[in-house]
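Report on the structure given below.
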Amino acid sequence: MIESILNKASFSKEDLVLLLKAEGEDRTMLFKKAAEIRDQYIGKKVYFRGLIEFSNRCSKNCLYCGIRSGNTKTHRYMVTKDEVLECAKYAYEERYGSIVIQSGERSDKAFIVEIEELLHEIKKLSNGELGVTLSLGEQTEETYRRWFNAGGHRYLLRIEASDEELYHKIHPNDKTHDYHARLECLKTLRKIGYNVGTGVMIGLPFQTLENLADDLLFFEKLDIDMCGMGPFIEHEDTPLFQYRDQLLPKSERFDLSLKMVAILRIMMKDVNIAATTAMQTLDPAGREKAIRVGANIIMPNLTPVKYREDYLLYEDKPCIDEEAWECRSCLEARIKIAGGEIGYGEWGDSKHFQKRNS
Ligand code: 5AD
Ligand code: SF4
Ligand code: FES
């Protein structure tokens, strides 16, 4: 039965729910198909995105996130300009190809200007060669344009949950956490010319398999270029922690995440899909497994070690004490184990984006 679904040109919601439920031989067949599609359409290359967790100051209060503004236990930091440039220089010299600047959400003038200046400096120190993905939340069109003009060319803004009702269950219901505003941002980013990425959390409280099937259809409809998704992991200083007894066991949340990656690879053959850190948190070999079933992006952490324990979005986040070179060699080994090869010195924009713009 799974075989007949896998051979279809496109999947219905019902098909997707069945694929998400696949077990035993069916599950193996799903993963095999995803690996074949990956080899056929994008090959074995895996691209690095050196991750700089720029600041944990955040004006938002998402109910799942450890650095939400309401968590008074978190010590707040912002990486200095020199430190960011040091990280970027390291990434450039080690031929990572690209970096990601990620941060809690802020939209004040000082922040906007700081990012803009950083982008100019990063471009300068790398002769324009280092690719930069931004993951800095919801901003105005003007801000997105400024950052684009300064050299940001990929933007990651997860929809977190594409179902509006579920979105409202995991965010405070106020003006700053508006589902439609987030959707608008994704459209604006596309209009400006960014490679646009989004994603969801998997295994959230109140989430059903139908919701996840809809998430996949949402990615397809939006015609995204990149996707980063991973399991939801509870954090004790957040409101959603109270539902921890209702969550799927961690192994099942991991398995569902793996299936989401595999199915998305089959649906959107040439997009970039990340093997996320959250996947490794729930399974020691989580990122290798994701690469095997179709992920082609990995994010070695570059954040100066002294800040790492303050960027705890969820429990048990790995790489808290590892220096940049340790994460690099760790991931090099993992990618090798997974049968991939690293695209050193290349941006590795998604083929999907390249095709749409050629
Ligand atoms: N579990 C898993 N992922 C989380 N994120 C935030 N909190 C959690 C959590 N508890 C993810 C969100 C956000 C990204 C930066 O981290 O999807 O977009
Ligand atoms: Fe802030 Fe992002 Fe965490 Fe929400 S998920 S509280 S926007 S850092
Ligand atoms: Fe950081 Fe493995 S990726 S130690």
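Figures for the structure shown
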| quantity | calculated |
| --- | --- |
| Only one of Leu302, Leu331, Leu313 that is more than 9 Å from ligand 3 (Cβ to nearest atom), under 20 Å from the mean Cα position of the chain (by Cα) and closer than 24 Å to Ser126 by Cβ | Leu302 |
| Qualifying residue in the stretch 230-252 (condition: within 12 Å of ligand 1 (Cβ to nearest atom), open to solvent by 10 Å² or more (accessible area, probe 1.4 Å) and within 16 Å of the chain's Cα centre (by Cα)) | no |
| Complete set of residues in the stretch 329-348 that are open to solvent by 50 Å² or more (accessible area, probe 1.4 Å) and touching a Gly at 6+ places or on another chain (Cβ under 9 Å) | Glu341, Tyr344, Glu346, Trp347 |
| Some residue of the stretch 155-174 being among the basic types (Lys, Arg), more than 19 Å from Arg49 (Cβ to Cβ) and at pLDDT 95 or above | yes |
| Residue selected from the stretch 145-155 under the condition surrounded by fewer than 23 Cβ atoms within 10 Å (Cβ to Cβ) and in contact with a strand residue (DSSP E or B) (Cβ under 7 Å, 6 or more places away or on another chain), by the criterion nearest to Thr198 (Cα to Cα) | His153 |
| Selection within the stretch 242-293 - at pLDDT below 95 and of a type in the set (Gly, Ala, Ser) | Ala285 |
| Residue within the stretch 58-79 that is over 30 Å from Asp178 (Cα atoms) and at pLDDT 95 or above present | no |
| Single condition Leu18 does not satisfy, out of (1) among the hydrophobic types (A, V, I, L, M, F, W, C); (2) open to solvent by 10 Å² or more (accessible area, probe 1.4 Å); (3) away from ligand 1 (no atom under 16 Å from the Cβ); (4) in contact with a Lys or Arg (Cβ under 9 Å, 6 or more places away or on another chain) | (4) |
| Count of the stretch 38-64 residues which are surrounded by fewer than 21 Cβ atoms within 10 Å (Cβ to Cβ), within 16 Å of ligand 1 (Cβ to nearest atom) and basic (Lys, Arg) | 2 |
| Identity of the residue in the stretch 331-355, aliphatic (A, V, I, L, M) and in contact (Cβ under 8 Å) with a residue 40 or more places away in the chain, that ends up nearest to ligand 2 (Cβ to nearest atom) | Leu331 |
| Residue identified as over 21 Å from Cys227 (Cβ atoms) and either among the basic types (Lys, Arg) or out of contact with any Gly (no Cβ under 6 Å at 6 or more places or on another chain) (or both) among Lys8, Lys32, Lys13, Lys60 | Lys60 |
| Elements of type helices (runs of 4 or more DSSP H) in the stretch 1-87, at least 2 residues being among the aromatic types (Phe, Trp, Tyr) and within 30 Å of Lys351 (Cα to Cα) | 24-41 |
| Selection count, the stretch 302-330, where residues are away from ligand 2 (no atom under 16 Å from the Cβ) and outside any loop (DSSP other than H, G, I, E, B) | 9 |
| Residues of the stretch 178-194 satisfying the condition of being in contact with a His (Cβ under 9 Å, 6 or more places away or on another chain) and either of a type in the set (Phe, Trp, Tyr) or within 25 Å of Phe232 (Cα to Cα) (or both) | Asp178, Tyr179, Tyr194 |
| From Arg182, Arg154, Arg190, residue being within 12 Å of ligand 1 (Cβ to nearest atom) and within 19 Å of the chain's Cα centre (by Cα) | Arg182 |
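The values are calculated or read from the model by the stated rules, or taken from the named source; none is laboratory data. As the structure is a prediction and not an experimental result, all values here were calculated from the model. When we count neighbours, we look across all protein chains shown, and the Cβ atoms used for this are built from the backbone with ideal geometry, even at glycine. Protein only, heavy atoms only, side chains kept; ligands, DNA and RNA dropped before computing areas. Shrake-Rupley method; radii C 1.70, N 1.55, O 1.52, S 1.80 Å.
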